[in-house]
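The values are calculated or read from the model by the stated rules, or taken from the named source; none is laboratory data. Predicted, not measured: the structure shown is a model, and the values here were computed from it. Cβ atoms come from the backbone with ideal geometry, glycine included; neighbour counts cover every protein chain shown.
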Amino acid sequence: MGEVAYISKSTAVSSKTVQLGKLYSLSVLDRLMENHHIRMVYYFRSSAGMVAGDLIRKLKESITEMLVCYPVVTGRLVRNDEGKWMVKSNDAGVRISEARAKGSVESWLQKVDREKELLLVYWESMLHKPYFWSTFYVQLTIFEEGGLAVGLSCSHLLSDPISASTFIRAWAEIALNGNILLPPFFHPLPPRRLPINRAQEKPNTHFINGYKSIIEGLNPVQAHNVKTLTLLFTDQIAQSCMGLAQPNTNMGPSPSPFQALAGLFWVCISRVRGERNGLMGLSICEDARKLIGLDKGFFGNCMVYNKVDGAGVEPNSISQAATAVGEAMVRMNYEGIMGLIEWLESSNGQSPPPSMDGDDLICINLEDSDLYSAPFDECLEPLHVSCYVEPVVGRGKVLVLPSPLGEGPMGRVVMVTLPEDEVVKLCEDDLIKRIFSPIILMRA
């Protein structure tokens, strides 16, 4: 038997009857992500008196209650008359896989790598008959010497990482308190608020051109033999990085942890790849809910990409790189995002791109997500959370996540997925190894 043994599969359906046959439309932001999927793993340290069978029973019972509020998750994909995907509410349910792993959760985390971690989150690609395909999968893995892993995988067509994390949080709230504090809603993206003087409005062509180049560009090459390195930047280390990323003039605003870390890895990975003409291409991905007036309860895709302008950035300047990232984030404003949505809707007859990664390094900002607000029991709080946005194409991915509770407000976890040889070189980079020395949580 391997380190993970799969025991059984079942289907969880809503504990109450849903509105059968109701159709849910998908937005233009949803449809762009059709060829991606998300995989998340939540690790929990269980208390000494907790019985594994009782714990699994509690989780399976509570998910059926929670799914009453998530008809999109339990439904199935169908195409409308125009050939566009929709979700038909039929309560076909969520697939649940149960497994057992050797050792304890603590010993597992000490030696885990990408390949082993993905054993804890079951995923199936879309079947040739999508109406029978589950868009969401859950895997419950009990560690024989104590601990639990909850793996969630889903089609990015229906959910971005923010919505996936609120799904887990809602499940935990049902298990702990019997009610969801932040119920999901499935409304369409909001229409644009008309400006006072529409004639003076200028479209954000930089924003739109970035999407246009991805949609109309050549198919990016899927990376092979990739590895994932997970690093913990404690509060102190993150603040040191933010200090180094401070604008040289000291006139601009201080960079956020995401801006500083994105700038750091943009510089380091460009050096690893031997870029000779400045830094490699970089696109950032940011949650736009707050920017366009939505709260975190909005379920679906509301993360948008923006290409960072690296012109004039010196190859070894973290400060200039972080400033360029910050400027790209500023351009991701209300008018720019709504203009992008309108442009996508006006040209939504196009097929979704093979990948939204294009030919850039992708840096995804999840630092404000509530990954650690998901205790399934008073003694069952998240110990560590990993997130993957698959597949990995182009130049690789960098995900910036919040750090576990107790690491300080500025602490961050960074997951870097690159070809194996580049990960090895990245670990030896002077900035990573000697100047900042983050804690390695998962080796490549």
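So that you can scan it fast, the table gives a plain yes or no per residue for (1) touching a helix residue (DSSP H, G or I) at 6+ places or on another chain (Cβ under 8 Å); (2) over 23 Å from Asp370 (Cα atoms):
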site: Tyr42; (1), (2): yes, no
site: Lys58; (1), (2): yes, no
site: Tyr70; (1), (2): yes, no
site: Glu98; (1), (2): yes, yes
site: Gly103; (1), (2): no, yes
site: Val112; (1), (2): no, yes
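Which one of these is within 25 Å of the chain's Cα centre (by Cα), in contact (Cβ under 8 Å) with a residue 24 or more places away in the chain and farther than 23 Å from Val18 by Cβ: Gly103, Gly147? Don't jump to the end; show me each part of the working.
Details: Gly103 fails: within 25 Å of the chain's Cα centre (by Cα).
That would be Gly147, the only listed residue that is within 25 Å of the chain's Cα centre (by Cα), in contact (Cβ under 8 Å) with a residue 24 or more places away in the chain and farther than 23 Å from Val18 by Cβ.
Determine, yes or no, whether Pro402 is of a type outside the set (Phe, Trp, Tyr) and in contact (Cβ under 8 Å) with a residue 40 or more places away in the chain. Full working, then the answer.
Details: of a type outside the set (Phe, Trp, Tyr): yes; in contact (Cβ under 8 Å) with a residue 40 or more places away in the chain: no.
Against the criterion (of a type outside the set (Phe, Trp, Tyr) and in contact (Cβ under 8 Å) with a residue 40 or more places away in the chain), Pro402 does not qualify.
Hey, can you tell me all the residues within segment 291-309 that are within 16 Å of Ser270 (Cβ to Cβ) and surrounded by fewer than 20 Cβ atoms within 10 Å (Cβ to Cβ)? Talk me through it step by step, then tell me what you get.
Quick first cut of segment 291-309, residues within 16 Å of Ser270 (Cβ to Cβ) only: 307-309.
Asp309, the sole residue that qualifies.
Only one of (1) at pLDDT 90 or above; (2) over 28 Å from Met332 (Cβ atoms) is not met by Arg434, so which one is it?
Going through the list (1) at pLDDT 90 or above; (2) over 28 Å from Met332 (Cβ atoms), Arg434 breaks only (1).
Answer with yes or no whether Glu106 is touching a Lys or Arg at 6+ places or on another chain (Cβ under 8 Å), part of a helix (DSSP H, G or I) and of a type in the set (Asp, Glu).
Working: touching a Lys or Arg at 6+ places or on another chain (Cβ under 8 Å): yes; part of a helix (DSSP H, G or I): yes; of a type in the set (Asp, Glu): yes.
Yes, satisfied.
Which condition number in (1) part of a strand (DSSP E or B); (2) more than 20 Å from Asn301 (Cα to Cα) is the one that Arg395 fails?
Against the list (1) part of a strand (DSSP E or B); (2) more than 20 Å from Asn301 (Cα to Cα), Arg395 comes up short only on (1).
Condition first: under 19 Å from Glu115 (Cβ atoms), surrounded by fewer than 21 Cβ atoms within 10 Å (Cβ to Cβ) and in contact with a helix residue (DSSP H, G or I) (Cβ under 8 Å, 6 or more places away or on another chain). Now tell me which residues in segment 388-421 satisfy that.
none
In segment 336-389, what residues are under 15 Å from Val150 (Cα atoms), in a loop (DSSP other than H, G, I, E, B) and more than 15 Å from the chain's Cα centre (by Cα)?
Kept after step one, since they are under 15 Å from Val150 (Cα atoms), are these residues of segment 336-389: 371-377, 380-388.
In the following step, the residues that additionally are in a loop (DSSP other than H, G, I, E, B) were identified as 371-376, 381.
Result: Ser373, Ala374, Pro375, Phe376, Glu381.
Please work out which residue is nearest to Ile364 (Cα to Cα), limiting yourself to segment 408-442 and to residues that are touching a strand residue (DSSP E or B) at 6+ places or on another chain (Cβ under 7 Å) and in a loop (DSSP other than H, G, I, E, B).
The qualifying residue nearest to Ile364 (Cα to Cα) is Gly411.
Under 6 Å between Cβ atoms, which residue pairs at least 6 apart in sequence (or on different chains) link something in segment 51-66 that is touching a residue at least 40 places away in the same chain (Cβ under 8 Å) with a partner that is surrounded by fewer than 16 Cβ atoms within 10 Å (Cβ to Cβ) and of a type outside the set (A, V, I, L, M)?
Listed pairs, sorted by first residue: Thr64/Ser15; Glu65/Ser15.
Are there any pairs with C-beta distances below 7 angstrom linking a residue in segment 1-25 that is closer than 29 Å to Asp113 by Cβ to a residue that is modelled with pLDDT of 90 or more and surrounded by fewer than 12 Cβ atoms within 10 Å (Cβ to Cβ), with the two at least 6 apart or on different chains, and if so which?
Within 7 Å, no pair qualifies.
Here is a list: Asn316, Asn301. Which entry is more than 25 Å from Gln246 (Cβ to Cβ), assigned to a loop (DSSP other than H, G, I, E, B) and assigned by TED's automatic domain parsing to the domain that holds Gly274? Before the answer, list the steps.
Working: Asn316 fails: more than 25 Å from Gln246 (Cβ to Cβ).
Only one candidate qualifies: Asn301.
I'd like the residue in segment 194-251 that is modelled with pLDDT of 80 or more and of a type in the set (Asp, Glu) and, out of all such residues, is surrounded by the most Cβ atoms within 10 Å (Cβ to Cβ).
So the residue we want is Asp235.
From Val272, Val308, grab the single residue that is more than 18 Å from Asp430 (Cα to Cα) and among the hydrophobic types (A, V, I, L, M, F, W, C). If you could, list the steps in order and put the result at the bottom.
Numbers: Val272 fails: more than 18 Å from Asp430 (Cα to Cα).
Just a single option satisfies the conditions, and that option is Val308.
Name the strands (runs of 3 or more DSSP E) wholly within segment 1-58 that hold at least 2 residues that are on the phi > 0 side of the Ramachandran plot?
Those strands (runs of 3 or more DSSP E) do not exist here; none qualify.
Which of the residues that make up segment 319-333 are part of a helix (DSSP H, G or I), touching a residue at least 40 places away in the same chain (Cβ under 8 Å) and under 22 Å from the mean Cα position of the chain (by Cα)?
Those that are part of a helix (DSSP H, G or I), touching a residue at least 40 places away in the same chain (Cβ under 8 Å) and under 22 Å from the mean Cα position of the chain (by Cα): Ala322, Val325, Gly326, Ala328, Met329, Arg331.
Residue-by-condition table, conditions (1) part of a loop (DSSP other than H, G, I, E, B); (2) crowded, with 16+ Cβ neighbours inside 10 Å:
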site: Ile63; (1), (2): no, yes
site: Val78; (1), (2): no, no
site: Ser97; (1), (2): no, yes
site: Arg100; (1), (2): no, yes
site: Glu115; (1), (2): no, no
site: Leu119; (1), (2): no, yes
site: Trp123; (1), (2): yes, yes
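Which residues, taken from segment 59-100, are of a type in the set (Lys, Arg) and under 15 Å from Gln19 (Cα atoms)? Quick ask: steps written out before the conclusion?
At the first step, the residues of segment 59-100 found to be of a type in the set (Lys, Arg) are 60, 76, 79, 84, 88, 95, 100.
Correct list: Arg76, Lys88.
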